[in-house]
Ligand SMILES: Nc1ncnc2c1ncn2[C@@H]1O[C@H](COP(=O)(O)OP(=O)(O)O)[C@@H](O)[C@H]1O
Ligand SMILES: [Mg+2]
């Protein structure tokens, strides 16, 4: 299992931030394992370090100390090319704010990761994914013409269109009302399951957290079950 490329191990990770002469410890010697195809919810109060931990796990931020590995590969020891391939093919990200390109249509937004990864048949693949998120008749709309829930559906389509092995979602329902949040999270869980991906979610939505195989809470820089 350890050598599976999609087994994620976080070993003795600490993150502290400096401001002036003082330094704040946000994550304090955290170790955890994430099995392939499982789902993990990370909860904790605002400012507890959820986003920081997600960024560290997804290769966006090298921690002050500790190691992240995907299978036997050390995420922060990779060469630029390996890392580029990782971002293009292994990882899909969903944010609280949709972060869509506002000047581009739904179709163009969903095609973007395919174009960057130079994946063929980008248009057909993007249209297929747009249909899966229930927005077939909106593919030529600009994001500004869509509701919050629809925008989040587009960002789910964009995150999953490359068939990533690991999907990381930071408060994916944080800006949505309860009913919309539920339908958006149903969609996210269904698609992640279809694609057999691993899902890591930071959320303070306990209903969302309950749907995951594992649930960890960050309290004072430590994780508890
Ligand atoms: N780049 C940074 N520089 C300094 N402090 C930061 C930085 N990023 C986050 N922090 C601090 O780390 C703590 C955890 O932040 P964050 O991971 O965003 O928490 P959460 O996502 O749980 O709300 C907060 O106190 C925040 O102010
Ligand atoms: Mg956060």
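None of the figures in this text is laboratory data; all of them are computed from the coordinates on show. Nothing here was measured: the structure is a model prediction, and the numbers come from that model. Neighbour counts are summed over all protein chains in view; Cβ atoms, including those assigned to glycine, are modelled from backbone coordinates with ideal geometry.
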Margin query: Give me the percent relative contact order of the range 127-225, please, defined on Cα pairs under 8 angstrom at least 6 residues apart.
Written below: 24 percent
Notebook entry, point to check: Angle between the Cα long axis of helix 122-132 and the longest principal axis of the chain, 0 to 90 degrees, nearest 10?
Noted result: 90 degrees
Note to self: Need one word for the range 18-126: rounded, prolate or oblate. Basis is the Cα gyration tensor (sqrt eigenvalues a ≥ b ≥ c); a/c below 1.5 gives rounded, then a/b vs b/c decides.
What the structure shows: prolate
Notebook entry, point to check: Which of 147, 51, 14 moves most in a GNM of the chain, Cα contacts under 10 Å?
Noted result: 147
Notebook entry, point to check: Helix 178-194 versus the longest principal axis of the chain: what is the Cα-based angle in degrees, 0 to 90, to the nearest 10?
Noted result: 90 degrees
Next item on the list: Note down the nm distance, to one decimal, between modelled labels 7 Å out along Cα→Cβ at residue 140 and at residue 118.
Entry: 3.2 nm
Next item on the list: At 7 Å along the Cα-to-beta-carbon direction for both residue 64 and residue 147, put a label point, then send me their distance in nm to one decimal.
Entry: 4.4 nm
Next item on the list: Have a look at 76, 95, 17 and tell me which one the Gaussian network model of the chain (Cα, springs below 10 Å) gives the largest fluctuation.
Entry: 17
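Note down the relative contact order for the chain as a percent, whole number, built from C-alpha pairs under 8 angstrom at least six residues apart. Show your work: numbers first, answer last.
Details: 424 pairs, mean separation 66.9, N = 225.
About 30 percent, as a whole number.
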Check: When only C-alpha pairs under 8 Å and at least 6 residues apart count, what is the relative contact order of the range 1-102, in percent?
Finding: 32 percent
Note to self: Output the 0 to 90 degree angle, nearest 10, between the alpha-carbon long axis of helix 106-116 and the longest principal axis computed from the alpha carbons of the chain.
What the structure shows: 60 degrees
Check: So, in Å, what gap is there between the alpha-carbon centers of the range 127-203 and the range 43-72?
Finding: 22 Å
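Where does each of 87, 189 land when they are ranked from fewest to most other beta-carbon atoms within 10 angstrom? Before the final figure, lay out the partial values.
On the way: 87 19, 189 16.
Ordered by Cβ neighbours within 10 Å, fewest first: 189, 87.
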Check: Can you sort 102, 111, 188 by how many other beta carbons sit within 10 Å, fewest first?
Finding: 102, 111, 188
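Got a sec? How would 72, 182, 171 order by Cβ neighbour count within 10 Å, fewest to most? Let's see the in-between values first.
On the way: 72 11, 182 15, 171 21.
So the ranking, lowest neighbour count to highest, is 72, 182, 171.
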